[in-house]
Amino acid sequence: MSILVTGGAGYIGSHTCVELIKAGYDIVVIDNFYNSCKESLVRVSELTGKDFAFYECDIRDEEGLSHIFEKEKIDAVVHFAGLKAVGESCAMPLEYYENNVGGTITLCRVMKKYGCKKMVFSSSATVYGMNNPSPLVETMPAGGTTNPYGTTKFMIELILSDLYKADNEWSVCLLRYFNPIGAHESGRIGEDPNGIPNNLMPYISQVAIGKLPKLNVYGNDYDTHDGTGVRDYIHVVDLAIGHIKAIDHVLETQSLDIYNLGTGTGYSVLDIVNAFQKVNNITIPYEIVDRRPGDIATCYSNPAKALAELNWKAERGIEEMCRDTWRWQSMNPNGYKA
Ligand code: NAD
Ligand code: UFG
């Protein structure tokens with residue numbers, strides 16, 4: 001079975017490529033390297049001992065995609081390609097809608113043309129919006145997103161749902177990720193953000209390596225156990241394995257299903273700082289600053305549906321997430337750049 005992985009050179013994509021190959025799938029990767037580089041794919045080959053087809057291609061390029069579908073026999077698609085920075089999406093909404101929504105429509109059009117109607121899509125807990133209480137369950141109303149990035153995810157969920165309604169030959173899994181952190185245990189692949197990281201864990205690891213002087217903790221007056229924001233952090237390898245289960249599922253069924261991929265446990269910002277310090281024996285200087293606009297107090301999943309229907313659950317705990325993050329960061333102080 002051959003799986004097309006869009007955005008396969010990125011953080012979650014590269015880890016998923018490793019797990020797909022380990023599970024015995026053939027993969028074909030496309031990426032435009034907007035937020036990644038070829039080196040991650042070289043390392044996926046090294047880690048798995050397997051070569052695979054790779055195309056530098058933009059998902060908005062209908063002709064380029066058609067050429068790939070003509071050349072390769074694709075059974076299903078794992079669709080990661082997209083822009084993902086919340087702040088940037090507020091500054092550049094058109095680029096986000098064009099890339100994420102427009103790109104997905106083009107991809108689906110080409111898939112349909114070549115009779116490939118099976119897709120696993122990277123959605124996000126952000127589609128639950130601000131008003132649903134945690135633990136978040138798939139049956140809760142989605143929408144009410146607060147930034148263009150989140151709205152692109154919600155719009156794509158609607159588009160793929162309509163596609164399935166119009167043609168039941170499609171089979172689609174919408175995977176709502178919570179907060180992926182960590183890295184492959186080898187320390188060879190991991191998250192390599194451009195510039196100053198927006199997200200908590202890459203920020204902490206750049207403080208740990210000495211690139212940034214201290215962590216800003218955005219608020220300690222939330223209604224949580226220590227006042228700092230609570231999230232459902234999930235090890236990226238557990239998340240990657242969730243995609244294998246989802247691919248198995250779309251290949252076996254004709255349905256549209258939504259699954260939370262999280263651990264079901266919430267940790268605060270200070271829980272993460274403390275775990276990172278303890279596991280890696282490093283001090284992380286931090287300062288409490290104002291809340292970050294748009295943040296909510298608490299966001300964690302109820303992951304029961306993925307366990308019941310996909311037989312998937314996250315296995316790796318917070319210590320492993322902190323240890324693997326630091327192994328990647330310390331072995332690759334400049335990410336994939338030499
Ligand atoms: P990433 O930026 O590391 O990976 C995305 C990849 O897609 C990059 O390699 C980028 O170059 C590529 N890409 C972007 N636009 C493209 C285009 N038009 N054509 C071809 N390639 C393109 O991000 P990630 O953290 O690995 O996230 C993967 C997916 O998961 C994204 O869709 C993201 O929105 C979603 N997601 C991520 C998180 C998270 O916290 N990391 C949470 C929820 C959902
Ligand atoms: N935080 C800090 N300091 C930082 C960065 C973050 O205190 O420098 C705090 C935030 O206020 C929040 C927590 O750490 O309480 C997690 O913040 P992240 O930015 O790491 O993650 P978010 O939960 O805000 O957002 C992430 C992704 C979004 C996605 C969302 C839900 O970045 O794209 O999860 O899936 F939409």
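Hey, what's the chain come to in accessible area per residue, 1.4 Å probe, Å²?
Numbers: 14280 Å² over 338 residues.
Value for the chain: 42 Å² per residue.
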Legend entry - Positive-end residue, the stretch 200-296 charge dipole about Cα centroid, Cβ charges, pick of Gly264, Val289, Thr253: Val289
Inset, instruction - Determine which residues of the stretch 89-118 fall in the zone a paramagnetic label at Met1 would reach in this model, i.e. backbone nitrogen under 18 Å from the point 7 Å along Cα→Cβ. - result: 115-118
Legend entry - Globularity ratio of the stretch 99-143, using Cα Rg and 2.2 N^0.38 Å: 1.54
Inset, instruction - Using only Cα atoms, locate the centre of the stretch 305-323 and the centre of the stretch 133-160, then give the distance between them in Å, rounded to an integer. - result: 22 Å
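How many percent of the accessible area of the chain is carbon or sulfur, using a 1.4 Å probe? If you can, show how the numbers build up before the last one.
Numbers: 7110 of 14280 Å².
Carbon-and-sulfur percentage of accessible area, whole number: 50.
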Inset, instruction - Just grab the label-to-label distance for Asn194 and Arg109, each label 7 Å out from Cα along the Cβ direction, in nm (one decimal). - result: 2.6 nm
Inset, instruction - Choose one of Pro148, Ser186, His15: the residue whose Cα lies farthest towards the positive end of the charge dipole of the chain (beta-carbon charges +1 Lys, Arg; -1 Asp, Glu; about the Cα centre). - result: Ser186
Legend entry - Charge dipole (debye, nearest 20) of the stretch 192-244; +1 at Cβ of Lys and Arg, -1 at Cβ of Asp and Glu: 280 debye
Inset, instruction - Would you look at the GNM of the chain, springs on alpha carbons closer than 10 Å, and say which of Ser40, Ser186, Ser205 moves the most? - result: Ser186
Legend entry - Three-way shape label, the stretch 69-169, alpha-carbon gyration tensor, a/c 1.5: oblate
Legend entry - Mean residue ellipticity (222 nm) of the chain, computed from DSSP H runs ≥ 4 via -39,500 (n - 2.57), nearest 500: -12000 deg cm²/dmol
Inset, instruction - Please determine, in degrees from 0 to 90 and to the nearest 10, the orientation of helix 38-48 with respect to the longest principal axis defined by the Cα atoms of the chain, where the helix direction is its Cα long axis. - result: 80 degrees
Legend entry - Debye, to nearest 20: dipole size of the chain, +1 on Lys, Arg Cβ, -1 on Asp, Glu Cβ: 280 debye
Inset, instruction - Calculate, axis by axis, the spread of Cα positions in the stretch 201-253 along the three principal axes, and write the results as whole Å, longest axis first. - result: 48, 31, 11
Inset, instruction - Select from Pro180, Pro285, Pro193 the residue whose mean-square fluctuation is largest in a Gaussian network model of the chain (Cα-Cα springs shorter than 10 Å). - result: Pro285
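Using 0.36 nm per residue, how much length does the chain from Glu169 to Thr48 gain when fully extended, once their Cα-Cα distance is taken away?
Details: separation 121, 0.36 × 121 = 43.56 nm, distance 3.30 nm.
Using 0.36 nm per residue and subtracting the Cα-Cα distance, I get 40.3 nm.
Of Lys113/Lys153; Lys22/Lys113; Lys38/Lys71; Lys84/Lys313; Lys38/Lys278; Lys22/Lys313, which sit over 27 Å apart, Cα to Cα?
Lys22/Lys113; Lys38/Lys278
Please work out the Cα convex hull volume for the chain and give it in Å³ per residue. Show your work: numbers first, answer last.
Details: hull volume 41.4 nm³, N = 338.
Expressed per residue, the convex hull around the Cα atoms of the chain is 123 Å³.
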Inset, instruction - Two decimals is fine: what is log10 I(q)/I(0) at q = 0.11, 0.23 Å⁻¹ for the stretch 1-84, from a Debye sum with one equal scatterer on every Cα and no solvent? - result: -0.24, -1.11
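The values are calculated or read from the model by the stated rules, or taken from the named source; none is laboratory data. This is a predicted model, so every value here is computed, not measured. Glycine gets a Cβ as well: all are built from the backbone with ideal geometry, and neighbour counts include every protein chain shown. Side chains are part of the model used for accessible areas, which takes the heavy atoms of the whole protein and leaves out ligands, DNA and RNA. Shrake-Rupley method; radii C 1.70, N 1.55, O 1.52, S 1.80 Å.
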